1. Using a Gaussian network model of the chain with C-alpha springs under 10 Å, which one of N313, N41, N293 is most mobile by mean-square fluctuation?
2. Below 8 Å between Cα atoms, with a sequence gap of 6+, how large is the relative contact order for the range 208-270 in percent?
3. Mind scanning K174/K235; K87/K235; K174/K221; K84/K221; K87/K221 and naming the pairs with a C-alpha gap bigger than 25 Å?
4. Per residue of the range 300-316, what does 6.51 cos²θ - 1.76 cosθ + 1.60 with θ = phi - 60° give for ³J(HN,Hα)? Whole Hz please, x for Gly and Pro, Karplus curve as stated.
5. Using Cα-Cα distances under 8 Å and only pairs 6 or more residues apart, what relative contact order does the chain have, in percent?
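All of the numbers you see were taken from the coordinates with simple rules; none came from a lab. Note that this is a predicted model, so its numbers are computed, not measured.
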Amino acid sequence: MLLDFMNNFTSLIHGHAHPDVVRAVQEQSAKGSAYAAANVNQIELAEMLVDRVPSIEQLRFTSSGTEGTLMAIRCARAATGRQKIMKMEGGYHGSYELAEVSLVPFPDECGSLDAPVSVPVDDSFPGSVLNDTVVCPYNDPGRAEALIDAHAGELAAVIVEPILGSMGMVPASKLFLQALRHVTERHGIVLIFDEVISLRLGSGGIQSVHAIIPELTCMGKIIGGGLPVGGVGGKRALMQHFSPERKRPVMHASTFSGNALTMAAGGASIQAYGASEVERINVLGQRLRDGFNKAFSQSAISGQAIGQGSLTNLHLTDAPINDSRDALSAMRRR
Ligand SMILES: Cc1ncc(COP(=O)(O)O)c(C=O)c1O
């Protein structure tokens, strides 16, 4: 027997080969996999997401979460006329430079928490990207507010993962997300929730759990039922920046985005992921964490399981893990 706790990096919300998803893909593949036009599966999945996710009035599908966050950032820049983006230290938003700035904030490079340095992940990063990114410490409402106040005039968006996935499922406190919501609203900065991972935590994403509503929401993973997918959605007024009816719309083209197979798989997967299923696997997640933590307490190994709902990760330290610096120093102590 194989116990797969990764489920393709959290994308397979029902595990492998859920019968409804298999059936939907089989039926659609006999009709065609991709068309250069909207298809009914696309509309059905979009309607489900609009119904569930409070911030989403309109949305666009992409072929990956990477493209979803990229399009959100472009939309925010076009809407505000500002250039800089704030991202969280240790936050990951996909495979392009801006989305990876300070993904791994090594202690000798990352500077003070009052003004974290924009750290490149590898040698490919242009200086312009580092200059355009303001790095914010995670889970520190006071410092976040001070940094946003200081950069307000040049910030188009603040992008945040409501649970820091790459750093080992470090949940954001509600207080932190509320602080980001208030200060961005005050300055007319677009707040982007990257819910590529956290969407599963409530039937309307983590935003519905905390009742904190961003302007834009990025999605991926579970909305594709195991096929490549992403998306960005939000307030109609902002999404209008993509409209071909505009003089200079934000350009978003993609051969496979919204393809009929992914949309069929995603529709079946989301349909089968109603409120009771969300609750059921969130309880399983808590049980898993409790079991690990009990085992750690009974062993000679320092460690803890952290996370939220159905998302869990292990850290080999007893010290509290609130941000990426805590998570990384636990890794380095080993
Ligand atoms: C929070 C978050 N945003 C964006 C992405 C990028 O998604 P993709 O791998 O589909 O490009 C990921 C991928 O793991 C992610 O965890």
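1. N293
2. 39
3. K84/K221
4. Going residue by residue, I get 8, 8, 7, x, 7, 9, 10, x, 8, x, 7, 10, 9, 8, 10, 10, 8 Hz, with x marking Gly and Pro.
5. The value is 25 percent.
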